[in-house]
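The values are calculated or read from the model by the stated rules, or taken from the named source; none is laboratory data. Note that the structure is a prediction, hence the values are computed from the model and not measured. With ideal geometry, Cβ positions are generated from the backbone for all residues, glycine too; neighbour counts draw on all protein chains shown.
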Amino acid sequence: MSNVPVLEVKDLKKHFPVRKGLLRRTVGHVYAVDGISFTIGEGETLGLVGESGCGKSTAGRAILRLIEPTSGTVKVLGRDIAPLTKKELRPYRQQMQIVFQDPFSSLNPRMTAGEIVGEPLYVHGIKGRKERLDRVAALFDRVGLRPAQMSNYPHQFSGGQRQRIGIARALALGPKLIVGDEPVSALDVSIQAQVINLLQDLQRERRLSYLFISHNLAVVEHISHRIAVMYLGRIVEHADTRTIFTNPQHPYTEALLSAVPVPDPAIKRQKRVLQGDVPSPVNPPSGCHFHTRCPYAVARCKVETPLLREIAPGHHVSCHLR
Ligand code: SF4
């Protein structure tokens, strides 16, 4: 494994201005991503987990520069890509791909599956039709589709097959990193397992690194080496997957975990139902953002923001009580 992380994110922020009135004055900000840091090594998967609205998808897009970050650094293979121009960014774009949640809306319905997978090859300079077709056929084969299906249109595929097309498209340029934004959430449970197995096989073969974004801890458990739990724009706990599942230390992680079914009936988890929705990121609660829903909150939690501290090797938690 290379010593240089494939992805190194430091203090990444994405704040969206809230504008009002005729003059569109900025009256506040949505603190969608508010200073997150992590690294992903070669052949490693980091699961980024949290409820809808916690900023995890915005983080994925800011990392890929599909939206411009407000501040912070994003290093890909050791190079900070934040200051790069569109042209300078191009070789790094090849290294980082995304697989979206909804394979139907992310595939152009007017293009054949073969054209969809071959498009990035064309855009990045492989103009020879025969070479492109051969490479697309090999990609189809690798993701479990028949090359004969290259001439079919997206609506002729099932949901799981469409996600395989999305994965083939992401693989076309031989990336080092794939950001999966809820890549299996729209699929039936049995199909989810097949797609996760495919992603794991591809990771082993190609030493791929994944940032796997999901609202569901159970989904990320099987694919992630480490997990970062996000709440209202911040990472509140970050550890290896086993630690997150066996020794969670943040009350929010505990609550998310209590919703994960345990296959062994002998093991009982205490049920902690989270009260209410995630508060608005426009005016997040003061101090610890989680204090409005935390069953252990004390007076200090309302006024003082807890730092993300390393409480054991590789285990980081942001809570005053830990
Ligand atoms: Fe709960 Fe306070 Fe810890 Fe925040 S800092 S998670 S409110 S106990």
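Data table
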quantity: Selection from the range 195-214 of residues that are among the acidic types (Asp, Glu) and crowded, with 17+ Cβ neighbours inside 10 Å; calculated: none
quantity: Verdict on Leu217 being over 22 Å from Leu77 (Cβ atoms), touching a residue at least 24 places away in the same chain (Cβ under 8 Å) and in contact with a His (Cβ under 9 Å, 6 or more places away or on another chain); calculated: no
quantity: Search result, residues across the range 17-72 that are among the hydrophobic types (A, V, I, L, M, F, W, C), part of a loop (DSSP other than H, G, I, E, B) and more than 16 Å from Gln97 (Cα to Cα); calculated: Leu22, Leu23, Cys54
quantity: His320 under 21 Å from Ser37 (Cβ atoms) and within 14 Å of the ligand (Cβ to nearest atom); calculated: yes
quantity: Residue in the range 254-271 that is part of a loop (DSSP other than H, G, I, E, B), at pLDDT below 95, surrounded by fewer than 19 Cβ atoms within 10 Å (Cβ to Cβ) and within 13 Å of the ligand (Cβ to nearest atom) present; calculated: no
quantity: The range 301-322 residues that are under 18 Å from Asn247 (Cβ atoms) and of a type in the set (D, E, K, R), paired with ones that are part of a loop (DSSP other than H, G, I, E, B) and within 9 Å of the ligand (Cβ to nearest atom) (beta carbon under 8 Å, 6 or more apart); calculated: Arg309/Ser318; Arg309/Arg322; Arg322/His250
quantity: Qualifying residue in the range 18-28 (condition: of a type in the set (A, V, I, L, M, F, W, C), in contact with a strand residue (DSSP E or B) (Cβ under 6 Å, 6 or more places away or on another chain) and within 16 Å of Arg234 (Cβ to Cβ)); calculated: no
quantity: Test: residue in the range 287-303 that is farther than 20 Å from Val9 by Cβ, more than 11 Å from the ligand (Cβ to nearest atom) and at pLDDT below 95; calculated: no
quantity: Residue check for His238: more than 21 Å from Ser52 (Cα to Cα) and modelled with pLDDT of 95 or more; calculated: no
quantity: Residue match in the range 236-246 (condition: within 11 Å of the ligand (Cβ to nearest atom), surrounded by 12 or more Cβ atoms within 10 Å (Cβ to Cβ) and within 20 Å of Gly60 (Cβ to Cβ)); calculated: yes
quantity: Count of the range 165-194 residues which are surrounded by fewer than 24 Cβ atoms within 10 Å (Cβ to Cβ) and among the basic types (Lys, Arg); calculated: 1
quantity: Residue match in the range 72-94 (condition: in contact with an Asp or Glu (Cβ under 8 Å, 6 or more places away or on another chain) and over 19 Å from Val4 (Cβ atoms)); calculated: no
quantity: Test: residue in the range 137-159 that is of a type in the set (Phe, Trp, Tyr), touching a residue at least 60 places away in the same chain (Cβ under 8 Å) and away from the ligand (no atom under 16 Å from the Cβ); calculated: no
quantity: Test result for Lys127, farther than 24 Å from Thr45 by Cβ, assigned to a loop (DSSP other than H, G, I, E, B) and out of contact with any helix residue (DSSP H, G or I) (no Cβ under 6 Å at 6 or more places or on another chain); calculated: yes
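Yes/no matrix, rows are residues, columns are (1) at pLDDT 95 or above; (2) under 23 Å from Ile81 (Cα atoms); (3) surrounded by fewer than 21 Cβ atoms within 10 Å (Cβ to Cβ); (4) touching a Phe, Trp or Tyr at 6+ places or on another chain (Cβ under 8 Å):
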site	(1), (2), (3), (4)
Val18	no, no, yes, no
Thr39	yes, yes, yes, no
Val49	yes, no, no, no
Cys54	no, no, no, yes
Ser57	no, yes, no, no
Leu66	no, yes, yes, no
